[in-house]
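Let me begin by presenting the structure, written as structure tokens, before commenting on it.
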Amino acid sequence: MKSITSSQMQAIDINCECLGLSRMQLMENAGASIAQAVRSSISSGRVVLVAGRGNNGGDAFVAARHLSSYEDIHTQVILIGRRSMIKTEEALKNFDLLKYSGIEAMQITDSSSLENCESLRSADIIVDAIFGTGVKGSIREPESTAIDIINSTGSSVISVDIPSGFDPDGNSFEKSIMADKTLTFHRLKKGLAREDVERYTGAIEVIDIGVCRDAEVYVGSGNLTMLNRRQVDSHKGQSGRILVVGGGEYFGAPALTAMASLRTGADIVTLALPRGVDDIVSAYSPNLIVRSLSDDRLCVEDVPVILKMIQSHDVLVIGNGLGRSDEIGEAISMILPYCRKVVVDADGFAGLKNIPVNDCDMILTPHAGEFSRLIGKKPPSDPLHRLESVLEYSRKNRVVTLLKGKVDIISDGEDVLLNRTGNEGMTVGGTGDVLAGIVGTLFAVNPAMEAASCGAFINGVAGDLAFEEHSYGLLATDIIDRITEVTRKEMS
Ligand SMILES: NC(=O)C1=CN([C@@H]2O[C@H](COP(=O)(O)OP(=O)(O)OC[C@H]3O[C@@H](n4cnc5c(N)ncnc54)[C@H](O)[C@@H]3O)[C@@H](O)[C@H]2O)[C@@H](O)CC1
Ligand SMILES: [K+]
């Protein structure tokens, strides 16, 4: 069964919100499912729900409200903390609804009161909602004591989402609730998918809470929250040093890639350019560092110089405007094995003779025609088979592929994401070069799949903003001008 990390779950949650499915709705579904599970475990008795101050606790407040309608079940809520300490709007609203269902919530702020709490020790079922995926660092008091007491009661324990204290991402943890049953939402969390976790989790059940399919299938604002942020104290170079090898046939393409890269936040962008292109691009912007190659096209003799430059850069973006010839292809195929991280675009595909390239983390950004040449046949036109062919190609060649189209398909050979931002105005020349620059920069500080999928999303949203103003007259440079508008809003 597919498992996800806590940050993937958070991304899905934000994507749902953007689509109009509120966190409140998801919490309602989560809480109602918990109540149903409790109800099917006992027909009468005492149920105590122990809630923390986050949304895991919020799920328990909802569950308690649903349980209150069963006369034979005595429902009690213990909030660890005070009402004023509840962290989220959704949890607070659901806490406030408890009194209208006749449920008095105890508010306990210290360990000794928990130790003396008689109702906790006499529960038939304890619902553990101290924390879920939001747990961080070592467990503080009084939560730590709460975990110990719950584990010592001998009552049947149902954990909400994950046993409190258990690490959702599979990292080591200090202590955890030992549950009889864990009801986890939407998908198995990565930590729950590990072997030998049953002594913490008991039986695990994955509960459907009504997440929209598209929130998981399409890249959205939520996915951008998974990107690494720039640190306030970061110094020059830490946010990406990008080397662009392009130009020869064209001079605009590498300049667009480099400018998009700078606007996405790269610290240093260096261009290695054939003779003739170097002067033109240098004159285009003083922000660009240009190194001149020996000939008017990329050639095998220049490979050692480029390999040296690769060492002082995080990512190589290769292909934009190079032109095609056997020698260009040969030079690229000599360069690729020495890259740690590379984005291959446009004429760069001619160098992919020997993939997979060992130890090279590679993103390919072909359009449909280029992808045809890569797989040696026309890609299927129906969406499902097209998606499968991208998945298969990526798996076989150990690359991340971003197949550009009306709907972009991004795959690392294991997962597939789709991107539907962007518009028909973006068929103008140069937009692919812009995309390569955005993806390259994100790749400097993020895994390939995140860089490619979020790069496609940012490029498309910037393109949509440009389209609002310029309609079918939009230019690739208009997209570059709007990258910061997108990243400021989406990644602040
Ligand atoms: N993401 C989603 O789509 C959904 C999430 N839901 C619930 O929301 C949960 C995540 O909620 P939150 O992100 O609010 O986080 P949690 O409710 O898991 O935990 C956050 C709370 O725990 C405290 N805390 C964290 N680490 C601590 C430590 N080491 N010692 C003491 N206190 C600590 C924090 O101060 C905060 O009050 C999920 O596990 C799930 O139960 C559900 O409502 C359904 C939808
Ligand atoms: K929990």
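Would you mind getting me the FRET efficiency between D415 and M85? Use the beta-carbon distance for r and R0 = 25 Å, nearest 0.05.
My answer for the efficiency is 0.10.
Report the Cα centroid-to-centroid distance between the stretch 94-142 and the stretch 460-479 in angstrom, as an integer.
Taking the Cα centre of each part, the stretch 94-142 and the stretch 460-479 sit 52 Å apart.
Assuming a ≥ b ≥ c are the square roots of the Cα gyration tensor eigenvalues, decide whether the stretch 3-217 counts as rounded (a/c under 1.5), prolate (otherwise, with a/b larger than b/c) or oblate.
It comes out rounded by the Cα gyration axes.
Measuring from label point to label point, each 7 Å out along Cα→Cβ, what is the H367 to R398 span in nm?
3.1 nm
With a ≥ b ≥ c the root eigenvalues of the C-alpha gyration tensor of the stretch 319-434, is it rounded (a/c under 1.5), prolate (a/b larger than b/c) or oblate?
oblate
Using a/c under 1.5 as the rounded threshold, could you call the stretch 77-127 rounded, prolate or oblate? The axes a ≥ b ≥ c are square roots of the C-alpha gyration tensor eigenvalues, and prolate needs a/b larger than b/c, oblate otherwise.
Oblate shape, in that a/c is at least 1.5 and b/c is the bigger or equal ratio.
Can you tell me the FRET efficiency between T484 and A283 if r is taken as the Cβ-Cβ distance and R0 is 25 Å, rounded to the nearest 0.05?
Plugging the Cβ-Cβ distance into 1/(1 + (r/R0)^6) gives 0.60.
Can you give the extra length, in nm with one decimal, that the chain gains between E301 and I375 once fully stretched, where that is 0.36 nm per residue apart less the Cα-Cα distance?
Length gained, E301 through I375: 23.7 nm.
Quick one: compute a quarter of the convex hull surface over the Cα atoms of the stretch 1-46 and quote it in nm².
Result: a mean projected hull area of 4.8 nm².
Please compute the volume of the convex hull spanned by the alpha-carbon atoms of the stretch 357-413 and report it per residue in Å³.
Considering the Cα atoms of the stretch 357-413, their hull volume per residue is 69 Å³.
What residues have an amide H closer than 5 Å to that of A179, excluding those fewer than 5 places away on the same chain, when H is modeled at 1.01 Å from N in the peptide plane?
Sorted by chain and number, the residues that satisfy this are T201, G202.
What are the ³J(HN,Hα) values, in whole Hz, obtained from phi via the Karplus relation 6.51 cos²θ - 1.76 cosθ + 1.60 with θ = phi - 60°, for each residue of the stretch 478-490 in sequence order, with x given for Gly and Pro?
So the J values, rounded to whole Hz, are 5, 5, 4, 4, 9, 4, 5, 4, 6, 5, 5, 6, 8.
Please report the spacing between the Cα centers of the stretch 338-411 and the stretch 155-199 in Å, no decimals.
Answer, in whole Å: 37.
Each residue of the stretch 79-92 in order: what ³J(HN,Hα) in whole Hz does its phi give by Karplus 6.51 cos²θ - 1.76 cosθ + 1.60, θ = phi - 60°, with x for Gly and Pro?
With the stated coefficients, the stretch 79-92 comes to 8, 7, x, 10, 3, 5, 9, 5, 7, 10, 4, 5, 5, 5 Hz.
Write down the percent of antiparallel bridges among all DSSP beta bridges whose residues are both part of the chain, to the nearest 5.
Of those bridges, close to 10 percent are antiparallel.
Using the charge dipole of the chain (Lys, Arg: +1 at Cβ; Asp, Glu: -1 at Cβ; taken about the Cα centre), state which of G323, P304, H385 has its Cα farthest towards the positive end.
It is P304.
Give me the orientation-averaged projected area of the Cα convex hull of the chain, in nm², one decimal.
Directional mean of the projected Cα hull area for the chain stands at 25.2 nm².
Ordered by residue, what ³J(HN,Hα) values in Hz, to whole numbers, does the stretch 281-297 give under the Karplus form 6.51 cos²θ - 1.76 cosθ + 1.60, where θ = phi - 60° and Gly and Pro are x?
Coupling constants for the stretch 281-297: 5, 4, 6, 5, 8, x, 7, 9, 9, 10, 10, 8, 8, 7, 10, 8, 9 Hz.
Can you list residues from other chains, or at least 5 along the same chain, whose modelled amide H is less than 5 Å from the amide H of G170?
Residues meeting the criterion, in which the H sits 1.01 Å from N, are G191.
Only the coordinates and a few stated rules stand behind these numbers; no lab work does. As the structure is a computational prediction, the values presented were derived from the model and not from experiment. In this analysis, Cβ positions are derived from the backbone assuming ideal geometry, glycine residues included, and neighbour counts consider all displayed protein chains.
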